[in-house]
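Trainee: The structure's right below; bear with me while I get my questions together.
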Amino acid sequence: MKLSPNVRTVAAVLVVVFLLTTVWAAYYLYSETRSSTNGSGQAVAATYFQNADNGFTASLRPSVLYNNSTEISGGNTTLFEPITKWVNVTLVYSVLANRTAAIALHEAFTVWLSTAVWSKSLYESSNNSSNAAAAGISLREVYDVNVGSVVALATAIDTQVGYNGAEYTLTLDPVITGTLTMSGVTQPFSSDPRFNLTFDGPLITPAGLAYATNGSVYVASPSSPSTLTHQVVPYLFLAASAAALGVSAWLVSRPLREEGIVPLDQLIAPYEEAIAETAAPPTDVTAVPIAQFADLVKIADTLGKPILRPAGGSPERPTFLVVDGTVAYSFRYPGGSSTTLGILERIQWEMIRLRSLTLDDATSADARQRLSRAIDFLRDDEEKQATQELNSVSALLTAAAKGAAEPPPPGTRPS
């Protein structure tokens, strides 16, 4: 199928449009897929936030460092073992939800003293808290550390086991597990907001003052008609856009259709004075096909040569020539931009030259064989190979014409 230039231009514009819509649809589906992969067909029913605030107040002996103050409250504060008597630690854990839910908490609280090679449990307890309808609940744990007792215990253990460690750590470990229930779904969660006091020589360094994390409660997402439509429509749009892109690209790749042919008398009427009728075409020249008659007129004007119209051809499809030395620029009516048409004109032209020349048998057979191959190539749409064969025939006949007899007299047919 051949297309007109206007249709092909519209198709080229549509290629760009449908390419953009296809890329947009593909990116939209990719984004939707990424945002919905938080579970297999699940939706977020609520979010919750876990928070732990661990703090302490230290009881001190009077000292110059703290202006004889006997108490200091902790953030990131380094304590000194020689002037610290007690460290009163308060651990507060809370869970908050953005919706009312049934919340239950359980705490297993443990305190242990440890070094790199040994560990000893000092205290264990448990704690629970729950609420059937609340947006949040909390747990509070208080533990008082007697610094002198801790130092004495660590020293005694090291002496007994024969180990002299560089430091030891007192760990307060509230392991918290819980559940959050809403919309018939129960979401378990856990937290381990440890608080440490590390003893290193005269220094006591606190760590684990704050913890925070969040999570979500998921429920099954129902497949409602609107949801199905929301999922199917983008895929249908992508498929339609991709199909339209393919059709538009296919149309652009089609060859152009030849426009309506101007009648011969109208085509040559403005140039009749420059056209000369001849009995036969020249035989010792190389033909160069010209696609448009207007281009042949330009060549004639540029070279100052007449336009020749050899007799003996088809009245419906005459050939016009402009001869310049050994080159003949030819236009065969009706002209066009088709490569196939140009090759057919050259084949006919070379056949005329072959019949007009007196050649030896070998040269004549070689030329006829090459013309036959050119026709076969053209039949198989192998235009490049057909053109190569024609170039060889043209060169062969041009070389042979230099030593051939003169063309036959006007009005006679070559033998």
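Trainee: Looking at region 357-403 only, could you name the residues that are within 12 Å of Asp284 (Cα to Cα), in a helix (DSSP H, G or I) and open to solvent by 50 Å² or more (accessible area, probe 1.4 Å)?
Mentor: Within region 357-403, Ala395, Ala399 qualify.
Trainee: Let me ask another. Quick test of your reading of the structure: Pro255 fulfils all but one of (1) in contact with a Lys or Arg (Cβ under 6 Å, 6 or more places away or on another chain); (2) modelled with pLDDT of 65 or more; (3) of a type outside the set (Lys, Arg). Name the failing condition by number.
Mentor: With (1) in contact with a Lys or Arg (Cβ under 6 Å, 6 or more places away or on another chain); (2) modelled with pLDDT of 65 or more; (3) of a type outside the set (Lys, Arg) applied to Pro255, the lone miss is (2).
Trainee: Out of the residues in region 180-213 that are more than 17 Å from Val92 (Cβ to Cβ) and in contact with a Phe, Trp or Tyr (Cβ under 6 Å, 6 or more places away or on another chain), which is modelled with the highest pLDDT?
Mentor: Phe199
Trainee: Assess whether Ala26 counts as being modelled with pLDDT of 80 or more and either open to solvent by less than 40 Å² (accessible area, probe 1.4 Å) or over 30 Å from Val233 (Cβ atoms) (or both). Break it down into steps so the answer makes sense when it comes.
Mentor: Working: modelled with pLDDT of 80 or more: yes; either open to solvent by less than 40 Å² (accessible area, probe 1.4 Å) or over 30 Å from Val233 (Cβ atoms) (or both): no.
No; evaluated as a whole, the condition is false for this residue.
Trainee: Output the residues belonging to region 57-69 that are assigned to a loop (DSSP other than H, G, I, E, B) and either among the hydrophobic types (A, V, I, L, M, F, W, C) or open to solvent by 80 Å² or more (accessible area, probe 1.4 Å) (or both).
Mentor: Listed by number, the residues that qualify are Arg61, Pro62, Val64, Leu65, Asn67, Asn68.
Trainee: Let me ask something additional. Could you pull out the residue among Lys2, Lys85 that is modelled with pLDDT of 85 or more and among the basic types (Lys, Arg)? Explain how you work it out, then say what you get.
Mentor: On the way: Lys2 fails: modelled with pLDDT of 85 or more.
Checking each option against the conditions leaves just Lys85.
Trainee: Here's a follow-up. Answer with yes or no whether Tyr123 is within 23 Å of Ser149 (Cβ to Cβ) and touching a strand residue (DSSP E or B) at 6+ places or on another chain (Cβ under 7 Å).
Mentor: yes
Trainee: Right, another one. Taking region 170-188, which residues are open to solvent by less than 20 Å² (accessible area, probe 1.4 Å) and under 30 Å from Arg99 (Cβ atoms)?
Mentor: Pro174, Ile176, Gly178, Leu180, Met182, listed by residue number.
Trainee: So, one more: Can you tell me which residue among Ala132, Ala97, Ala116 is part of a strand (DSSP E or B) and open to solvent by 60 Å² or more (accessible area, probe 1.4 Å)?
Mentor: Ala132
Trainee: Residues to consider are Val89, Val161; find the one that is surrounded by fewer than 13 Cβ atoms within 10 Å (Cβ to Cβ) and among the aliphatic types (A, V, I, L, M).
Mentor: Within the list Val89, Val161, the selection yields Val161.
Trainee: Would it be correct to say that Asn76 is at pLDDT below 95 and either within 59 Å of the chain's Cα centre (by Cα) or open to solvent by less than 40 Å² (accessible area, probe 1.4 Å) (or both)?
Mentor: Spelling it out, Asn76 is indeed at pLDDT below 95 and either within 59 Å of the chain's Cα centre (by Cα) or open to solvent by less than 40 Å² (accessible area, probe 1.4 Å) (or both).
Trainee: Okay, moving on. Looking at the structure I just gave you, is Asn146 surrounded by fewer than 16 Cβ atoms within 10 Å (Cβ to Cβ) and in contact (Cβ under 8 Å) with a residue 40 or more places away in the chain?
Mentor: It is true that Asn146 is surrounded by fewer than 16 Cβ atoms within 10 Å (Cβ to Cβ) and in contact (Cβ under 8 Å) with a residue 40 or more places away in the chain.
Trainee: Out of all the residues in region 189-208, which are closer than 18 Å to Leu139 by Cα, buried (at least 16 other Cβ atoms within 10 Å of the Cβ) and of a type outside the set (Ser, Thr, Tyr)? I'd like the intermediate steps shown before the answer.
Mentor: Taking region 189-208 first, the residues closer than 18 Å to Leu139 by Cα are 189-195, 208.
From what's left, buried (at least 16 other Cβ atoms within 10 Å of the Cβ): 189, 191, 193-195, 208.
Listed by number, the residues that qualify are Phe189, Pro193, Arg194, Phe195, Gly208.
Trainee: State the number of residues belonging to region 100-113 that are open to solvent by 40 Å² or more (accessible area, probe 1.4 Å) and aromatic (Phe, Trp, Tyr).
Mentor: 1
The values are calculated or read from the model by the stated rules, or taken from the named source; none is laboratory data. All values reported here derive from a predicted model rather than from experimental measurement. Counting neighbours? That spans all protein chains shown, and the Cβs are built from the backbone with ideal geometry, glycine included. Side chains are part of the model used for accessible areas, which takes the heavy atoms of the whole protein and leaves out ligands, DNA and RNA. Shrake-Rupley method; radii C 1.70, N 1.55, O 1.52, S 1.80 Å.
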